[in-house]
Amino acid sequence: MDGTVATPPRAALKARLPLVVGHRGARAAAPENTLAGVREAHGQGARWVEVDVKLSRDGVPFLLHDDTLDRTTTGRGRARTYAMADLKAFDAGAFLGPAFAGERLPTLAELVSLLAGLDMGLNLEIKPCRGLEAETAERAVAVLRETWPKDRPWPLLSSFSPKSLEAAASVAPDMPRGLIADRLPRDWRRIVADLRLQTLHLGHEDLKPGQLAMLAGEGIPVLLWTVNDPIRATALLAEGAAAIITDRPGAVLAAIDAAPP
Ligand code: G3P
Ligand code: MG
């Protein structure tokens, strides 16, 4: 990729970010990181979802939060040891009840196809297994370049992993990128500059007074996770958060409608 490609301006990204992003789809109501979860988020009124992407043994980007299959699927053991075709055999919805049985682990390409049909945006969290930090980012970006609709702005990429973000900055300087962290790192200015980031994605529980207003004043859009109390969500938006990532997008949207921030 040509290193001279411009990173997208923060203001333009903030202007198109929705106030509410469905976490792992709409995790409170439907199985996380599945197509059913994305449909549920859409049904609740969310315009964007956040999902987690990692790699199968044969290098296919697919959606899953944990390194292992056990909590959310009928599979057992480490997900990265299975080829995508074998991962497809597992049920990824039954853990939440029979209504979701039959749901499969979606590939990133399948997710993009659904989002395009629903006219939805995406915050793609790069969630690599250890040792696959760069490769996961590179392969996810390659799939996005092949499949993301040409007439739509790129998804927002994010990760806890600086290595994944470094790889993303290298292969996708034209896609917006953000660091995920439990709390604002002391050296956040250096990190944002070094990794050429547009956004910060912070846990909401350890925010310090004034931090949101300070970051908003610096022009850094902050997405907060995982905020499931609608009253707290509206308060955080009023304090300067750019967006709320929530398991309950419908409830947070209703609170925003009732009392706009
Ligand atoms: O992207 C924000 C949030 O999803 C990060 O935490 O563990 O839910 O992926 P986690
Ligand atoms: Mg996530």
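Could you tell me which of the residues Leu96, Leu124, Leu132 is under 19 Å from the mean Cα position of the chain (by Cα), buried (at least 18 other Cβ atoms within 10 Å of the Cβ) and under 21 Å from Ala36 (Cα atoms)?
On inspection, the qualifying residue turns out to be Leu124.
Can you tell me which residue in region 200-254 is farthest from ligand 1 (Cβ to nearest atom), limited to those that are charged (D, E, K, R) and more than 14 Å from Gly22 (Cα to Cα)? Spell out how you get there, then give the answer.
Taking region 200-254 as the starting set, the residues that turn out to be charged (D, E, K, R) are 205-206, 208, 218, 229, 232, 239, 247-248.
Next, only the ones that are more than 14 Å from Gly22 (Cα to Cα) stay: 205-206, 208, 218, 232, 239.
Details: Glu205: 12, Asp206: 14, Lys208: 19, Glu218: 21, Arg232: 16, Glu239: 19 Å.
Looking at residues that are charged (D, E, K, R) and more than 14 Å from Gly22 (Cα to Cα), I get Glu218.
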Practice task
Would you point out which residue out of Ala116, Ala137, Ala168 is in contact (Cβ under 8 Å) with a residue 40 or more places away in the chain, over 19 Å from Leu69 (Cβ atoms) and not in a loop (DSSP other than H, G, I, E, B)?
Solution key: Ala168
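Could you say whether any residue in region 92-102 is without any contact (Cβ under 8 Å) to a residue 24 or more places away in the chain and under 25 Å from Leu223 (Cα atoms)? Talk me through it step by step, then tell me what you get.
We begin by selecting, within region 92-102, every residue without any contact (Cβ under 8 Å) to a residue 24 or more places away in the chain; these are 94, 97-99, 101-102.
Now narrow it down to the ones that are under 25 Å from Leu223 (Cα atoms): none.
No, every residue in region 92-102 fails to be without any contact (Cβ under 8 Å) to a residue 24 or more places away in the chain and under 25 Å from Leu223 (Cα atoms).
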Completion exercise
Subset of region 186-228, residues among the acidic types (Asp, Glu), assigned to a loop (DSSP other than H, G, I, E, B) and in contact with a helix residue (DSSP H, G or I) (Cβ under 9 Å, 6 or more places away or on another chain), comes to Glu218
Practice task
Determine which member of the set Thr81, Thr136 is within 15 Å of ligand 1 (Cβ to nearest atom) and farther than 27 Å from Ala15 by Cα.
Solution key: Thr136
Handout entry: Tally, over region 119-134, of residues that are in contact (Cβ under 8 Å) with a residue 60 or more places away in the chain and within 16 Å of ligand 2 (Cβ to nearest atom)
Key = 9
Problem - Among the candidates Glu40, Glu32, residue that is more than 16 Å from ligand 1 (Cβ to nearest atom) and free of Cβ contacts under 8 Å to residues at least 60 places away in the same chain - result: Glu40
Completion exercise
Counting only residues in region 218-233 that are of a type in the set (A, V, I, L, M) and away from ligand 2 (no atom under 14 Å from the Cβ), the one surrounded by the fewest Cβ atoms within 10 Å (Cβ to Cβ) is identified as Ile231
Problem - Residue under evaluation Thr234, criteria (1) under 18 Å from Leu124 (Cα atoms); (2) more than 17 Å from the chain's Cα centre (by Cα); (3) among the polar types (S, T, N, Q), criterion not met - result: (1)
Handout entry: Of all residues in region 166-187 being surrounded by 15 or more Cβ atoms within 10 Å (Cβ to Cβ) and within 13 Å of ligand 1 (Cβ to nearest atom), the one that is farthest from Glu146 (Cα to Cα)
Key = Ala181
Practice task
Answer yes if at least one residue in region 44-61 is in contact (Cβ under 8 Å) with a residue 40 or more places away in the chain, over 16 Å from Val112 (Cβ atoms), within 15 Å of ligand 1 (Cβ to nearest atom) and of a type in the set (Val, Ile, Thr), and no otherwise.
Solution key: no
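Read-outs: derived from the displayed coordinates by stated rules, not from any lab. On a predicted model such as this, the values are computed, not experimentally measured, just so you know. No Cβ is skipped: glycine too gets one built from the backbone with ideal geometry, and neighbour counts run over all protein chains shown.
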